1. What whole-number distance in Å separates the alpha-carbon centres of the range 98-170 and the range 54-96?
2. Need the list of aspartates and glutamates near K66 for cross-linking: C-alpha distance under 15 angstrom, and skip anything on the same chain fewer than eight residues off.
3. Over the range 93-133, what lengths in whole Å, largest first, do the semi-axes of the equivalent ellipsoid take, defined as the square roots of 5 times the eigenvalues of the alpha-carbon gyration tensor?
4. Using Cα pairs under 8 angstrom and six or more residues apart, how large is the relative contact order of the range 48-169, in percent?
5. Measuring from the lowest to the highest alpha carbon on each principal axis, how far does the range 62-170 reach, largest first, in angstroms?
6. Which order do F54, F166 take by accessible area at a 1.4 Å probe, largest first?
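The values are calculated or read from the model by the stated rules, or taken from the named source; none is laboratory data. What you see is a predicted model, and the numbers here were worked out from it, not measured in a lab. Areas reflect the complete protein model, heavy atoms only, side chains present, ligands, DNA and RNA absent. Shrake-Rupley method; radii C 1.70, N 1.55, O 1.52, S 1.80 Å.
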Amino acid sequence: MTFLRIPVLLAVGMMTMGSGMGNPGCGSSSSGGGDSPFVCEGGCAIAGSYTFQFADTSPVDEACQKLGLGLPKGPLVLELRDIFATATLDGADLEAHYTGEPLRDLDLLGTRQLTETTAYSLRLQSTVVAPAPRSASDGSKIEGTYELNGASSGPDGVSCRIKRNFTATR
C-alpha cells in the first residue's frame, strides 16, 4: 500500500490548489490583504489631471468632421488602483493595466456611443516618461499615439480615423 502514497498526495495537492493550502492558484492572493494580488511596484503616482497636447494640430478630415469628431480638448483625468488604470478624455471612458517601472507602458482603450448610429473607439498607446512619479506632487508626463476610429451606420454610413502623437502633462 505504500506505493499509493505518492499518487494520492499528488492528487490531493492538485485538488487543493487555490484553496489556501499550498499554491494560491490563479487569481488569488497569498498576502491576505487587498482586492488584487497585483500591485504597481514603483513610479505609480500617475493619478491626476493632465493637459493634453498634440504635435500636429491641423484639422481632421472631412469624414471625421461630418461625424462631429475632432481632436480632444482634455484634460485627461487618470486614476490608478493596484494596476488597473481608468481615465476619461472628453467624455470617453478608458482603461488599462499599469505596472509602473521599469516598463511604464500605459495602453488606454475605450469606446463611446455618440448617437444610436454613431460611435468611436479610442486608443492611447503611451508611456509614462522616466522618471515615473513616486508621489502626487511629482510632475508627470505621458507620451504616445492617440488613435480614434469612428463610424456611423445606415445608408449614409461614414467612417474616419485620426492618428496623432500626443503629450500629456500634469
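1. 6 Å
2. Partners within reach: D156.
3. On the way: eigenvalues 166, 11, 8 Å².
Sorted largest first and rounded, they come to 29, 8, 6 Å.
4. On the way: 271 pairs, mean separation 30.1, N = 122.
Computed value for the range 48-169: 25 percent relative contact order.
5. Each principal axis gives a Cα extent; for the range 62-170 these are 51, 24, 21 Å.
6. On the way: F54 30, F166 10 Å².
So, going from the largest accessible area down, we get F54, F166.
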